[in-house]
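The values are calculated or read from the model by the stated rules, or taken from the named source; none is laboratory data. Bear in mind that the values here come from a model prediction, so they are computed numbers and not experimental data. Counting neighbours? That spans all protein chains shown, and the Cβs are built from the backbone with ideal geometry, glycine included.
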Amino acid sequence: MSTGMLEALGARRDERNADFCWRPHRGPFRLLTQAQARRYDERGFFILRDAIPRQAIETLMREIDPFEVEAENFVREQAGGELSIMKAGAISFTTHIVRRSQIARDFCKSQVFLDLCHDTLGQDVRLYWDQAVYKKPDAARVFPWHQDNGYAYVEPQQYLTCWVPLVDATLENGCPWIVPGLHREGTLVHQQRPWGLQCFDIDSSDIPVGAIAAPAAVGDIVVFSSLTPHSTGPNLTQSVRKAYIVQFAPDGAEIVGAEGQRVLAADDKRQFMIMKDGKRV
């Protein structure tokens, strides 16, 4: 069925993705229920409800906000208003906050993330990436359908993304949308579009048949695989939709270049160990 979906969406596998096989999750689990593990294996995502105390989210958002203002001002004043996929007044990507914030570092080592990583990745895990994405009111700004592993090809391909809403993420302000099942195909070819990379040969604003909206409240985590195709819709409200995305990979994961060159994802300033032998580092 997934192969037929690929064809219908004009998608194809990355040529580096030759022998990928999805690794199912059998437990024993520290956090996941059997139903959540099955949903993750079958659909590539689930929503963990009420996982983070509201106070922790509010503290984190107060920490992130000044960094986001600084990043947006740089783009506006030094880069002509646009830099890569960031556009002042429309959408901002504030990366590697953990390099400058102990609050963010501690947040990424929260017990809920340790347990999620244990249940999906194993005993030895590093933070791979962190970024805040603030989507400003902009009716036209749809973020294209993509897999996180399409932006930088990582092996093992099967790492973890935790999409944390800092304000309620709704259909109106640009919550995630997921295409379930295609994570089992591994990494797909991505093409450059005006607002980012896209893995489907469709209009960025089109919603594929079978796509599922994933609205999430403050305290929830949208948990999905690095291989799960997803998008976020336009922000049709008058408020900023704020999210913090943290990604985790097994210790030893490598970034593989187009020519086969490999770089270990182990920059201790931003890709630090969070867990060794199942215990917090």
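Summary table
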| quantity | calculated |
| --- | --- |
| Hey, residue 190 over 15 Å from the mean Cα position of the chain (by Cα) and not aliphatic (A, V, I, L, M) or not | yes |
| Cross-chain or 6+ apart pairs with Cβ under 9 Å, the range 207-230 first and among the aromatic types (Phe, Trp, Tyr), then outside any strand (DSSP E or B) | 224/40; 224/43; 224/44; 224/148; 224/183; 224/214 |
| Hits in the range 74-97 (condition: of a type outside the set (Ser, Thr, Tyr) and free of Cβ contacts under 8 Å to residues at least 12 places away in the same chain) | 74, 77, 78, 79, 80, 81, 82, 83 |
| Sole exception among (1) part of a helix (DSSP H, G or I); (2) farther than 23 Å from residue 219 by Cα; (3) of a type in the set (Gly, Ala, Ser); (4) out of contact with any Ser or Thr (no Cβ under 6 Å at 6 or more places or on another chain) for residue 71, by number | (4) |
| Residue in the range 239-256 that is closer than 22 Å to residue 58 by Cα, of a type in the set (Phe, Trp, Tyr) and touching a residue at least 24 places away in the same chain (Cβ under 8 Å) present | yes |
| Any hit, the range 44-62, residues being outside any loop (DSSP other than H, G, I, E, B), more than 19 Å from the chain's Cα centre (by Cα), on the phi < 0 side of the Ramachandran plot and in contact (Cβ under 8 Å) with a residue 60 or more places away in the chain | yes |
| Identity of the residue in the range 14-60, surrounded by 14 or more Cβ atoms within 10 Å (Cβ to Cβ) and in contact with a Gly (Cβ under 6 Å, 6 or more places away or on another chain), that ends up nearest to residue 206 (Cα to Cα) | 17 |
| Single residue of 14, 50 found to be under 28 Å from residue 119 (Cβ atoms), of a type in the set (Asp, Glu) and in contact with a helix residue (DSSP H, G or I) (Cβ under 9 Å, 6 or more places away or on another chain) | 14 |
| The range 230-264, subset part of a loop (DSSP other than H, G, I, E, B) and under 30 Å from residue 167 (Cβ atoms), residue modelled with the lowest pLDDT | 233 |
